[in-house]
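Reviewing the structure listed below.
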Amino acid sequence: MKLTDMIIPIIIAGILGYALVQRVDIFSVFTKGAKEGISVSIKILPALIALITAIGMFKTSGALDVLTNAIRPFAEKIHMPSEVVPLAILRPISGSGAFAVFEDILSTHGADSLIGRIASVLEGSSETTFYTIALYFGCTRVKKTRYTLPCSLTADFVGFLMSVITVRMFFGMMF
C-alpha cells in the first residue's frame, strides 16, 4: 500500500491522537460541531432557496440565450469561442448549471479541442460567485456587501480572459 493511500487515515489518527493527549472529550466536541453545522445550514437555507429559484428562472426564461447572444461579439474580440460563452455566464451563478454546460461542451467538441481546453480551464479556475456570496454573507448575516459583488465579478472576468489566453499560449494556438 502506498503512502498516498494512507494520507486520510493518518490525518484522522493524528487528530484523534492529539485529542487524546490533550484529554479532549472527542464525542462532545464532535456533537457540538455537528450541532453548529446544522444551525449554520438552517441560517443559510433561505438564501440558498432564493438563489436556486433565481437560477431556475434565469435559465427557463430564455435570459441565458439573450445574454449569450449579446456577449458573443465581445467574446469573439477576445478570441473566446462562442460555445464557451454560456459556461462563462453560468459559472458565477450556478455550479451545477455550469457543469451541465461544461459536460455538453466536452461531449460535443472533446476534451482535447481548443474549446474543450478553454472550457476545462475556465471551469476549474473560477468560482460560483453568487452562491459563495449568498452562503458566506447569509451565514454571517452581513447586509452591506459594498464592493464584494463588483470585485468578485471582475475577478471572474479576468479568470475567463486568462483561461483563453493561457490555453492559447500553452497549446500554441495564439491569436
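The values are calculated or read from the model by the stated rules, or taken from the named source; none is laboratory data. Not measured: the values here are computed from a predicted model. Neighbour counts run over all protein chains shown; Cβ positions are idealised from the backbone, glycine included.
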* Hey, any hits in the stretch 12-35 for a residue that's surrounded by 11 or more Cβ atoms within 10 Å (Cβ to Cβ), among the hydrophobic types (A, V, I, L, M, F, W, C) and under 30 Å from residue 133 (Cα atoms)? -> yes
* Please list, ordered by first then second residue, the pairs with beta carbon atoms under 6 Å, 6 or more apart or interchain, first in the stretch 75-91 and at positive phi, second of a type in the set (Asp, Glu) and at pLDDT 90 or above. => none
* Could you tell me whether the stretch 1-19 includes any residue that is of a type outside the set (Val, Ile, Thr), closer than 30 Å to residue 118 by Cβ and part of a helix (DSSP H, G or I)? => no
* **Boolean, residue 119 is under 16 Å from the mean Cα position of the chain (by Cα), of a type in the set (A, V, I, L, M) and surrounded by fewer than 17 Cβ atoms within 10 Å (Cβ to Cβ)** => no
* Working carefully through the options 158, 164, 142, find the one that is β-branched (Val, Ile, Thr) and within 30 Å of residue 37 (Cα to Cα). => 142
* Options 93, 42, 26: the member that is aliphatic (A, V, I, L, M) and touching a Phe, Trp or Tyr at 6+ places or on another chain (Cβ under 6 Å) -> 93
* Asked: Which one is surrounded by the fewest Cβ atoms within 10 Å (Cβ to Cβ) among residues in the stretch 92-102 that are assigned to a loop (DSSP other than H, G, I, E, B) and free of Cβ contacts under 8 Å to residues at least 60 places away in the same chain?
  -> 93
* To do: Taking residue 43 as the residue in question, decide whether it is touching a helix residue (DSSP H, G or I) at 6+ places or on another chain (Cβ under 9 Å), closer than 21 Å to residue 103 by Cα, modelled with pLDDT under 90 and assigned to a helix (DSSP H, G or I).
  => no
